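Notes follow once the structure below has been shown.
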Amino acid sequence: MSIHVYGSVITARGVAANNRGENEGNITTLQKLLWQGQVHTTVSAEAIRWAVRYYWQMQGIPVNRVWNDEKSDHEWVDSRWEAWTDDQKKAKAVPAERWVQGSGLPRHFIDDDILGFMLAEAGKTDGSDSDEPDDKSKKNKKAPKGTCDKRRGVLEVTRAISLQPYAGDITFNAKSGEKGRTSLYGTEVHATRYQYGFAMTPERAWEPQRAMQILDAVMNLGEVAGNHSRFLYDFSPESVVFRVTSDPAPRILYGYEEDEAGQVTVQAIQNRIASGDIEKDGFFVGGPASAAFANLISEGNRFSGVKGAVGACKNYLSGLLAGK
């Protein structure tokens, strides 16, 4: 039976602003969607996954897709994912530094393993083939098929959604020392918390213990939304809920709500525990939200801080993986 890890995260309140350069005229916009009948701002799952990879890079964990801050672009160590191919001739072409010492196998980078990849190539045509319509020998010949090497990512992430509806706040600014048609501009801003969720099945990873590095990354995301030379939004968790379970459904996603006074509740998750839809074993909660579960789960699974919760979750998961 497979072990699944689910998480539901809520950030601290901050002022979000766009850092991707999208604009409508002179207005730099935030991504938005209609949620529960009102407009909310949102952050893409890809932005969160990018931040996870960047965290690993900054921690010195080898990644295949390396971000170059000077060029503001990615650089590949292995752009063809040779370590994942069944063609041993290609695998032998992997640089020596990429081989795991003493294993006889190429190193499978953590970002390829956890976030997945896809390499699609068109079919190759023989240079002697003729495209002339009177070439009868080619009339019934099928076009060459392309190839696609891919790996589905182990880590799945939802979009992050603001807890508060977007009120339409815009700041107006002027470029210092410049005067022209584009020197005046506006920026959409949103004072809010964000919530998002994630799921993974450690056994699907090349190295199941990398689940611990996923949890570490989620706990330490400082750069996801609204990060620009003028803005900073802390995307690390203020509260977090974990489930380590054989249940194939998360049942905890988007479980946070915030009232007009700014009070955060997790009533939907509480109800599911009380009803028995979520088992108490393997359930961990950290941060201010933990107080809401005082009468539902044991004290050893509740923590006032998120780091205590992730530590307990990792210990519990390590024990299960060791017993597999």
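No value in this document is a laboratory result; all are computed from the given coordinates. Everything numeric here is computed off the predicted structure, so don't read it as measured data. A quick note on method: Cβ atoms are made from the backbone with ideal geometry, for glycine too, and the neighbour counts reach across all protein chains shown.
Multiplying the residue separation of residue 61 and residue 119 by 0.36 nm and subtracting their alpha-carbon distance yields 18.6 nm. With a Cα cut-off of under 30 Å and a minimum spacing of 8 residues unless on different chains, the lysine pairs in the range 178-324 number 5. For residue 261 and residue 150, the FRET efficiency from 1/(1 + (r/R0)^6), where r spans their Cβ atoms and R0 equals 51 Å, is about 0.60. For residue 279, the amide hydrogen comes within under 5 Å of no other amide hydrogen, counting only partners 5 or more places away or on other chains and with H modelled in the peptide plane. With R₀ set to 30 Å, the beta-carbon distance separating residue 27 from residue 191 gives a calculated FRET efficiency near 0.95.
Were the residues from residue 173 through residue 79 laid out at 0.36 nm apart, the gain over their Cα-Cα distance would be 29.7 nm. Counted residue by residue at 0.36 nm each, then reduced by the alpha carbon distance between them, the extension gain from residue 315 to residue 275 reaches 11.7 nm. FRET efficiency for the residue 295 to residue 38 pair, using the beta carbon distance and R₀ = 30 Å, is estimated at 0.40.
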